[in-house]
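Everything on this sheet refers to the single structure shown next.
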Amino acid sequence: MDVTHAIDQLRQGQKPQWPSNVESLDFAQSLDESKTIPMTFRPEFIIPTKAQLQRKSLTDDAKTAALASSSDDEAIYFCGNSLGLQPKAVGEHLTAYLKTWGSIAVGGHFTSMEDSPLTPYQDMAAGCAEKMSKIVGASPSEIVAMNTLTINLHLMMAAFYKPTAKKHKIMCEWRPFPSDWYAIESQIEWHGLDPKKSMLLVEPDDGYLMTTESILKLIDENANELALIMLPGIQYYSGQLLDIPTITAHARKHDITIGWDLAHAAGNVELKLHDWDVDFACWCTYKYMNAGAGSIAGAFIHSKHGDNGHYKGLKGWYGHDKSSRFLMDNKFVPTPGAQGFQCSNPSIVDLTCLSGSLSVFEKTSIADLRSRSLLLTAYAEHLLSQIAARNIKDGSFPFEIITPTDPRFRGAQLSVLLPEDVFDDASAALVANGIVCDKRKPGIIRVAPVPMYNTFGDICRFMQIFEKAIWPKMQEQEQQPEQRGAVEARL
Ligand SMILES: Cc1ncc(COP(=O)(O)O)c(C=O)c1O
């Protein structure tokens, strides 16, 4: 298979031609060994074993210890859209931090240790911002590492949502992630307005998907009342990647401020936040940026808002320019750019984890990761379609992929909708076989092959287990040897 051509086709929204042995482990292995596909960084990550997933304590028992080092026992982890795996560098960076704190204590704020991967604490947020700027397509001064995602959404709305009697609406999607909904709702209430009148919802046109046309039309129809548009770069449930540049340009045409929640897009797809003229964007770093649960978040504020001296944010001492921050004279001098939006002294443990995880991104580019991701996800989609076609029952497919089929409008995640009566058994079977992926009732399994650490082999093995998992009746019959043979012949 010409994988370079296949990646080009995917970038243009076309489907590649897969060979007849596409479902074999040999083919998956040939892709994993290909020198033409951008490489995996799997060796830089800690991949849990199936035995470790069963742990109830931090210490291995004899059985877990024996299995823990075997790569045959590695779990299949497709949950990087929820929590990214641990980069080995994070442990190294944390050890350096603890040693620094233990040796020079308060001196760590301003001192650089010769053999440490860390900068002085005072420079760490700016260092992480610089590295994240390459991932989201911005200049370093447009990025800040601070707080957590929902808090940053609040801070951005405090700065950019300025409702008037006429222009008071915030446009958002029909079913945003609950925290986004609560943040928008409470910001509206905070201004003494009624969310029922001031939230304008984009409804899906087709099942779960929102078309660009309908979003643009809704903007046109409500332009006179819209104070702010806040949309997800990638919708968390369906995995749909919205057309950020087109929608942003349309908001611009109507002079409406637009912000994006990039929780599921940052570190996953290519972004050009500065060139697209986005006003602001926020993301967490524990999904595709692999910085650990609840770690410090990122935000983008376009240079036209942060650098022009018209400072808009809520103030705190860490937003004060670093050169005079410690004069303590209570005369606020904002740090130019997004970093002026900081309020508090940031958690250095958090920044240490983020700097460790970003050191892996420094070894590659988001363009290469995206190329690999396009192929991984298309491969997973193709294998799922083969399984669906083989398992038609009473004229219906056994599941539906609700994520867009056009690779330009999705990232690493495929959301698979199962019938409700199959969902629980299928989920249990996946867990029993050492597969970690995210399940959302009533019937969605989110499968996210992450280009940093997932392989084509992971996908192939997952599919073999998944096909058995959605067919519980067959599994019951598997107790009988002659029927087990029949099931295995199907795979
Ligand atoms: C789309 C989206 N928005 C908001 C959040 C909440 O993030 P946090 O708990 O870091 O504020 C999440 C968390 O997964 C999310 O996926």
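The values are calculated or read from the model by the stated rules, or taken from the named source; none is laboratory data. The model shown is predicted, which means the values in this text are computed figures rather than measured ones. No Cβ is skipped: glycine too gets one built from the backbone with ideal geometry, and neighbour counts run over all protein chains shown. Heavy atoms of the whole protein, side chains included, go into the accessibility calculation; ligands, DNA and RNA do not. Shrake-Rupley method; radii C 1.70, N 1.55, O 1.52, S 1.80 Å.
Out of curiosity, is G340 touching a residue at least 24 places away in the same chain (Cβ under 8 Å) and surrounded by fewer than 20 Cβ atoms within 10 Å (Cβ to Cβ)? Steps first, please.
Values: touching a residue at least 24 places away in the same chain (Cβ under 8 Å): yes; surrounded by fewer than 20 Cβ atoms within 10 Å (Cβ to Cβ): no.
No, not satisfied.
Looking at D321 and the list (1) free of Cβ contacts under 8 Å to residues at least 24 places away in the same chain; (2) out of contact with any Ser or Thr (no Cβ under 6 Å at 6 or more places or on another chain), which single condition is not satisfied?
(2)
Hey, any hits in region 202-209 for a residue that's over 22 Å from A158 (Cβ atoms) and out of contact with any Ser or Thr (no Cβ under 9 Å at 6 or more places or on another chain)? Explain how you work it out, then say what you get.
Step one: filter region 202-209 for residues over 22 Å from A158 (Cβ atoms), giving 202-209.
Next, from what is left, pick out any that are out of contact with any Ser or Thr (no Cβ under 9 Å at 6 or more places or on another chain): 206.
Checking region 202-209: at least one residue is over 22 Å from A158 (Cβ atoms) and out of contact with any Ser or Thr (no Cβ under 9 Å at 6 or more places or on another chain).
What residue, of I296, I366, is under 23 Å from L262 (Cα atoms), buried (at least 16 other Cβ atoms within 10 Å of the Cβ) and within 16 Å of the ligand (Cβ to nearest atom)?
On the way: I366 fails: within 16 Å of the ligand (Cβ to nearest atom).
Among I296, I366, only I296 is under 23 Å from L262 (Cα atoms), buried (at least 16 other Cβ atoms within 10 Å of the Cβ) and within 16 Å of the ligand (Cβ to nearest atom).
Looking at region 30-145, what helices (runs of 4 or more DSSP H) fall wholly within it and have at least 2 residues that are at pLDDT 95 or above and farther than 30 Å from S303 by Cα? Don't jump to the end; show me each part of the working.
Details: elements: 50-53, 62-68, 88-104, 121-136.
Helices (runs of 4 or more DSSP H) meeting the threshold: 88-104.
Taking only region 134-156 into account, find how many residues are farther than 18 Å from A263 by Cβ and either within 15 Å of the ligand (Cβ to nearest atom) or in contact with a strand residue (DSSP E or B) (Cβ under 8 Å, 6 or more places away or on another chain) (or both). Give the derivation first.
Step one: list which residues in region 134-156 are farther than 18 Å from A263 by Cβ, which gives 134, 139-142.
Right, trim to either within 15 Å of the ligand (Cβ to nearest atom) or in contact with a strand residue (DSSP E or B) (Cβ under 8 Å, 6 or more places away or on another chain) (or both) and you get 142.
Count: 1.
Just the residues that are basic (K, R) and free of Cβ contacts under 8 Å to residues at least 12 places away in the same chain, please, taken from region 248-291. Full working, then the answer.
Narrowing region 248-291 to residues basic (K, R): 252-253, 272, 287.
If the condition is that a residue be basic (K, R) and free of Cβ contacts under 8 Å to residues at least 12 places away in the same chain, then K253 is the only one that fits.
In region 270-289, what count of residues is obtained for those that are in a loop (DSSP other than H, G, I, E, B), within 14 Å of the ligand (Cβ to nearest atom) and not hydroxyl-bearing (S, T, Y)? Spell out the reasoning first.
Taking region 270-289 as the starting set, the residues that turn out to be in a loop (DSSP other than H, G, I, E, B) are 270-279, 284-289.
From what's left, within 14 Å of the ligand (Cβ to nearest atom): 284-289.
Add one more test, that the residue is not hydroxyl-bearing (S, T, Y), and what stays is 284, 287, 289.
Going through region 270-289 one residue at a time, the tally reaches 3.
What number of residues within region 441-464 satisfy the criterion of being open to solvent by 10 Å² or more (accessible area, probe 1.4 Å) and hydroxyl-bearing (S, T, Y)?
Count: 1.
Check region 430-440 and report whether any residue there is in contact with a Phe, Trp or Tyr (Cβ under 8 Å, 6 or more places away or on another chain), surrounded by 19 or more Cβ atoms within 10 Å (Cβ to Cβ) and farther than 24 Å from F41 by Cα.
So far as region 430-440 goes, yes, one or more of its residues are in contact with a Phe, Trp or Tyr (Cβ under 8 Å, 6 or more places away or on another chain), surrounded by 19 or more Cβ atoms within 10 Å (Cβ to Cβ) and farther than 24 Å from F41 by Cα.
In the list S347, S303, which residue meets the criterion of being of a type in the set (S, T, N, Q) and touching a Ser or Thr at 6+ places or on another chain (Cβ under 7 Å)? Steps first, please.
Working: S347 fails: touching a Ser or Thr at 6+ places or on another chain (Cβ under 7 Å).
Going through S347, S303 in turn, just one is of a type in the set (S, T, N, Q) and touching a Ser or Thr at 6+ places or on another chain (Cβ under 7 Å): S303.
Residues F361, F399: which one is among the aromatic types (F, W, Y) and under 25 Å from G292 (Cα atoms)?
On the way: F399 fails: under 25 Å from G292 (Cα atoms).
The unique qualifying residue is F361.
Among the listed residues A183, A249, identify the single one that is at pLDDT 95 or above and open to solvent by less than 10 Å² (accessible area, probe 1.4 Å).
Values: A249 fails: open to solvent by less than 10 Å² (accessible area, probe 1.4 Å).
Only one candidate passes the filter, namely A183.
Between residues in region 173-201 that are not assigned by TED's automatic domain parsing to the domain that holds A159 and residues that are at pLDDT 95 or above and surrounded by 13 or more Cβ atoms within 10 Å (Cβ to Cβ), which pairs lie under 8 Å by C-beta distance while being six or more apart or on different chains?
From region 173-201, no pairs qualify.
Only one residue in D194, D206 is at pLDDT below 95 and surrounded by fewer than 16 Cβ atoms within 10 Å (Cβ to Cβ), so which one is that? I'd like the intermediate steps shown before the answer.
Values: D194 fails: at pLDDT below 95.
From the options D194, D206, the qualifying one is D206.
Give the residues of region 343-354 that are hydrophobic (A, V, I, L, M, F, W, C) and open to solvent by less than 10 Å² (accessible area, probe 1.4 Å), sorted by residue number.
Taking region 343-354 first, the residues hydrophobic (A, V, I, L, M, F, W, C) are 343, 348-349, 351, 353-354.
Answer for region 343-354, where residues must be hydrophobic (A, V, I, L, M, F, W, C) and open to solvent by less than 10 Å² (accessible area, probe 1.4 Å): L351, L354.
Just give me the residues in region 388-429 being open to solvent by less than 40 Å² (accessible area, probe 1.4 Å) and assigned to a helix (DSSP H, G or I), in sequence order.
Once the filter is applied, which keeps residues that are open to solvent by less than 40 Å² (accessible area, probe 1.4 Å) and assigned to a helix (DSSP H, G or I), region 388-429 yields A388, P407, V422, F423, A426, S427, A429.
For L354, indicate whether it is modelled with pLDDT of 95 or more and not assigned by TED's automatic domain parsing to the domain that holds D279. It would help to see each step written out before you state the result.
Values: modelled with pLDDT of 95 or more: yes; not assigned by TED's automatic domain parsing to the domain that holds D279: no.
It is false that L354 is modelled with pLDDT of 95 or more and not assigned by TED's automatic domain parsing to the domain that holds D279.
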